[in-house]
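Step one of this worksheet: look at the structure below.
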Amino acid sequence: MDQQVSGADINADQVDYWSGQTGEKWAEGQDKLDAMLAPFGKAAMEALDLKPGDHVVDVGCGCGDTSFELASRVGPMGSVLGVDVSAPMLQRAGERLGDAALGHLRFAMADASAFGFEPEGTDAVFSRFGVMFFRNPVEAFTNLKAALRTGGRLGFVCWRSLDQNMWVSLPREAALKHLPAPEPVNPDEPGPFAFADAEKVTDILRDAGFHGIVLERFDTKVRNNGSLDEVTEFVATMGPVSRLLDEVEGEVRERAIDEVRDALASHHDGQALRLNAAAWIVTARA
Ligand SMILES: C[S@@+](CC[C@H](N)C(=O)[O-])C[C@H]1O[C@@H](n2cnc3c(N)ncnc32)[C@H](O)[C@@H]1O
C-alpha cells in the first residue's frame, strides 16, 4: 500500500472519525457490511459500463471490496487505485490483497480531495458511499475530475434522505423514545445523508466541471443476516443508531436497545432483517 500523507486538513475530523473506532468496527464487520452493501455497489458499477483495460479510481474504498470487484472487471490490462483515509480499513484491504496478489490493484492512504492523481490518467472514478464526507465537495470533485481523461466517467452511489431509508430511520426513531433529542442534522455537514438532495449533487458536479449528470433512484431492501438478537446487536454497535446509543449507558441504553429490537421484530423473517433503503446512482462525464 502507498503510504501517502493525507493532503487536506480541511477533512481532518473525518480522517479522525474513520481512522478511529469507526474504522476499526468497519474492518471487523467487513464481511457483513460488504454483503449488505454489495447490491448498491454493483448497480453503480453497471452504470459505469467498465471495459477491460480501463484505469479506475475507487474513492473511499474502505476495506477494498469494490476495488477487488472493479479489478476483476477491468482485468490485468487495466488498473484500480483504491483511495481512503482510514488506516484500519486500508489495513484490512491490504490483508485481502496479500491473499489475492492482484498486480493491477493498489491502495493509497490519502484524502481523495487532495490526492495528486496522475492528470487525465484515469478512465473512470467510482465510489460506493465514499463521497459524502468532503468538507468542500466542489474542491474534492474538481480534483477527481482532473484525474479523469476528457470523456472519462464518474459513477457513484450515495444515500437519499434519512426518512426514505427505513434501515436507519426505523431503529433511530425507536431508540429516540428513550434518548435526548439529537441536534438537527445539517444537510451541508459531511455525513451519510449529505448527498440526499439531487439538485445539490447536480450543482456540486456541475461546479466541479462535470457534464451529462444523471441521478437515478435505486430502491431495494438492505438485508442483514442473523437472528433478531444478532441484528439488533449489529444495529446497536454499527452505524448512525449506534452513535446515538453511545451517548447513554446503563438502564437507559438497555431500554433503548429493547425498543429497537421490538421495532425490528416485524421486519425479521427468522433468517434476516430486511428494511427499505433508497439511494441515488449518480453518473457524469469529465
Ligand atoms: C461509508 S464508508 C464506505 C466504505 C466502502 N466504500 C464500502 O462501501 O465498504 C465511507 C468511506 O469513505 C472514506 N472517506 C471519508 N472521507 C474521505 C476522503 N476525504 N478521502 C478518501 N476517503 C474518505 C472513509 O474512510 C470510509 O472508508
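Subtracting the Cα-Cα distance from 0.36 nm times the residue separation, let me have the gained length for ASP197 to ASP163 in nm, one decimal. Write out the running numbers ahead of the final one.
Working: separation 34, 0.36 × 34 = 12.24 nm, distance 1.25 nm.
Taking ASP197 through ASP163 to full extension adds about 11.0 nm, to one decimal.
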What full-extension length gain, to one decimal in nm, is calculated for LEU102 and ASP229 as 0.36 nm per residue of separation minus the Cα-Cα distance? 41.9 nm
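Quick one: how many lysine pairs does the chain have with C-alpha atoms less than 23 Å apart and a gap of 8 or more or different chains? Give me the count, please. Mind dumping the intermediate values first?
Details: LYS25/LYS221; LYS32/LYS42; LYS32/LYS221; LYS42/LYS51; LYS42/LYS145; LYS42/LYS221; LYS51/LYS145; LYS145/LYS200.
Value for the chain: 8.
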How many nm is it between the label spots at ARG255 and ASP31, if each spot is 7 Å from the Cα in line with the beta carbon? 3.7
Post the alpha-carbon centroid distance, segment 268-286 to segment 113-178, in whole angstrom. 15
Does a label point 7 Å from the Cα of LEU176, set along Cα-to-beta-carbon, have any residues of segment 213-251 with amide nitrogen under 20 Å, and which are they? 235-249
From the convex hull of the Cα coordinates of segment 54-145, what is the mean projected area in square nanometres? 5.3
Positive-end residue of VAL168, VAL252, GLY155, charge dipole of segment 151-286 with Cβ unit charges: GLY155
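Kirkwood Rh over alpha-carbon pairs of the chain, then Stokes-Einstein at 20 °C and 1.002 mPa s: what D in µm² s⁻¹, rounded to an integer? If you can, show how the numbers build up before the last one.
Details: Rh = 19.4 Å.
Diffusion coefficient, whole number: 111 µm²/s.
Nothing charged except the Cβ atoms of Lys and Arg (+1) and of Asp and Glu (-1): what's the magnitude of the dipole of the chain about its Cα centre? Round to the nearest 20 debye. Walk me through the numbers before you get to the answer.
Numbers: 27 positive and 45 negative charges, 188 e Å.
Using Cβ point charges on Lys, Arg, Asp and Glu, the chain gives about 900 debye.
Laboratory data are not the source of any read-out in this text; all were calculated from the coordinates shown. Because the structure is a prediction, the values reported are computed rather than measured. Here the Cβ is made from the backbone with ideal geometry for all residues, glycine too, and neighbour counts use every protein chain on show.
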